[in-house]
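**Q** Sharing a structure, written as structure tokens. Questions coming.
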Amino acid sequence: MIDEEDGPPEPTPQEVEARAALVLQLRKQGLRDRRVLSAIERVPRRFFLTAKLQRHAYEDRALPIECGQTISQPYVVGMMSEALDVHADHKVLEIGTGSGFQAAVLGYLAAEVHTVERYRTLADLARERLSALKIDNVTVHFGDGMLGLSEHAPYDRIIVTAAGAEVPKALFDQLVVGGKLIAPVGASGGIQELVLFEKTSRGIEKHALAAVRFVPLVEGAAVRL
Ligand code: SAH
């Protein structure tokens with residue numbers, strides 16, 4: 001959890017209003033978890049965008065970020081965070097840092113967050129943003145998230161924010177028994193199914209949640225950018 005006394009810098013009244021309006025809209029769309037809504041309201045999404053796109057920060061839409069990737073739609077961030085049922089004492093792994101926005105939201109929900117990104121540029125930018133916002137329980141790692149992140153395993157919760165035909169086995173291996181994993185599953189370039197997996201003592205249980213569209217999960221760390 002984030003220390004309240006040491007949180008992000010004071011937002012302008014306009015920004016406070018824009019964030020509250022976004023959260024109200026998310027509530028109308030069916031998001032209910034107060035911890036999740038409050039985390040989304042606290043994170044200045046503007047910080048996670050290039051200057052040119054900042055005026056769209058509090059609209060409920062996905063937007064382009066550096067390296068040809070995208071920052072997820074706030075509704076999808078909320079829906080995934082809610083479904084993942086993150087507790088204040090959890091250790092969470094995210095695959096696909098992108099802008100760092102989802103990781104920042106998770107930082108307000110969990111005790112400890114590790115996020116992995118295959119583009120060094122994105123990992124560096126996300127690290128700078130999270131540090132400027134004093135969200136210091138989130139650690140950004142550069143590498144191939146398809147391998148998971150064994151040095152901090154096991155995780156109570158895992159969230160994959162890029163789409164693959166299947167969830168890499170390494171991720172299930174790094175999840176605690178009783179843990180949950182959420183991921184968009186399906187071919188890239190089209191619509192995928194958002195799936196919530198639960199690791200039980202009997203095996204992996206699967207629940208399909210919604211149709212989503214994510215950028216592809218790509219094997220290996222990027223050589224350029
Ligand atoms: N969660 C992000 C959105 C992610 S977009 C946000 O809040 O902004 C998906 C990200 O997954 C992209 O940045 C992409 O580079 C990354 N990605 C794709 N394959 C990956 C892999 N194998 N390991 C780590 N990151 C990966």
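**Q** Scan region 125-136 for residues that are closer than 19 Å to Gly148 by Cα and surrounded by fewer than 21 Cβ atoms within 10 Å (Cβ to Cβ) and jot them down.
**A** Result: Arg127, single match.
**Q** Sticking with this structure for a sec: Ala187: of a type in the set (Gly, Ala, Ser) and more than 18 Å from the chain's Cα centre (by Cα), yes or no? Walk me through how you get there before you give the answer.
**A** Details: of a type in the set (Gly, Ala, Ser): yes; more than 18 Å from the chain's Cα centre (by Cα): yes.
Taking the combined requirement at face value, the residue satisfies it.
**Q** Let me ask another. Pick from region 179-225 the residues that are part of a loop (DSSP other than H, G, I, E, B) and touching a Ser or Thr at 6+ places or on another chain (Cβ under 6 Å): which of them is farthest from the ligand (Cβ to nearest atom)?
**A** Leu225
**Q** Scan region 140-169 for residues that are of a type in the set (A, V, I, L, M, F, W, C) and surrounded by 17 or more Cβ atoms within 10 Å (Cβ to Cβ) and jot them down.
**A** Start the filter on region 140-169 by keeping residues that are of a type in the set (A, V, I, L, M, F, W, C), which leaves 140, 142, 146-147, 149, 153, 158-160, 162-163, 165, 167.
Residues satisfying the conditions are Val140, Phe142, Met146, Leu149, Ala153, Ile158, Ile159, Val160, Ala162, Ala163, Val167.
**Q** Quick one: count up the residues across region 18-53 that are within 21 Å of Val215 (Cβ to Cβ) and more than 16 Å from the chain's Cα centre (by Cα).
**A** The number of residues fulfilling the criteria is 3.
**Q** Out of Arg19, Arg32, Arg27, report the one residue that is over 26 Å from Glu219 (Cβ atoms), part of a loop (DSSP other than H, G, I, E, B), touching a helix residue (DSSP H, G or I) at 6+ places or on another chain (Cβ under 8 Å) and more than 15 Å from the ligand (Cβ to nearest atom). First the steps, then the outcome.
**A** Details: Arg19 fails: part of a loop (DSSP other than H, G, I, E, B); Arg27 fails: part of a loop (DSSP other than H, G, I, E, B).
Going through Arg19, Arg32, Arg27 in turn, the sole match is Arg32.
**Q** Which of the residues spanning region 85-128 are in contact with a helix residue (DSSP H, G or I) (Cβ under 9 Å, 6 or more places away or on another chain), more than 13 Å from the ligand (Cβ to nearest atom) and either under 19 Å from Arg45 (Cα atoms) or outside any loop (DSSP other than H, G, I, E, B) (or both)?
**A** Passing the criteria: Lys91, Tyr108, Leu109, Glu112.
**Q** Looking at region 195-219, I want the residues that are within 21 Å of Asp85 (Cβ to Cβ) and have a partner that is surrounded by 15 or more Cβ atoms within 10 Å (Cβ to Cβ) and among the charged types (D, E, K, R) with Cβ atoms under 6 Å, at least 6 apart or on another chain. Which pairs are those?
**A** Glu198/Lys180; Glu205/Glu198; Ala208/Glu193
**Q** Any idea how many residues of region 41-52 are over 12 Å from Val16 (Cα atoms) and part of a helix (DSSP H, G or I)?
**A** Within region 41-52, residues that are over 12 Å from Val16 (Cα atoms) and part of a helix (DSSP H, G or I) number 4.
**Q** Can I ask one more? Of all residues in region 129-169 being assigned to a helix (DSSP H, G or I) and within 11 Å of the ligand (Cβ to nearest atom), which is farthest from Ser188 (Cα to Cα)?
**A** Looking at the filtered set, the residue picked out is Arg129.
**Q** Does at least one position in region 77-85 carry a residue that is among the acidic types (Asp, Glu) and in contact with a strand residue (DSSP E or B) (Cβ under 9 Å, 6 or more places away or on another chain)?
**A** yes
**Q** If you take the residues of region 53-84 that are touching a residue at least 40 places away in the same chain (Cβ under 8 Å) and more than 11 Å from the ligand (Cβ to nearest atom), which of them is nearest to Ser150 (Cα to Cα)?
**A** Leu84
Each value in this text was obtained by applying a stated rule to the coordinates, not by laboratory testing. None of the values given here were measured: they were computed from a predicted structure. Because the Cβ atoms are built from the backbone with ideal geometry, glycine has one as well, and the counts that use them run over all protein chains shown.
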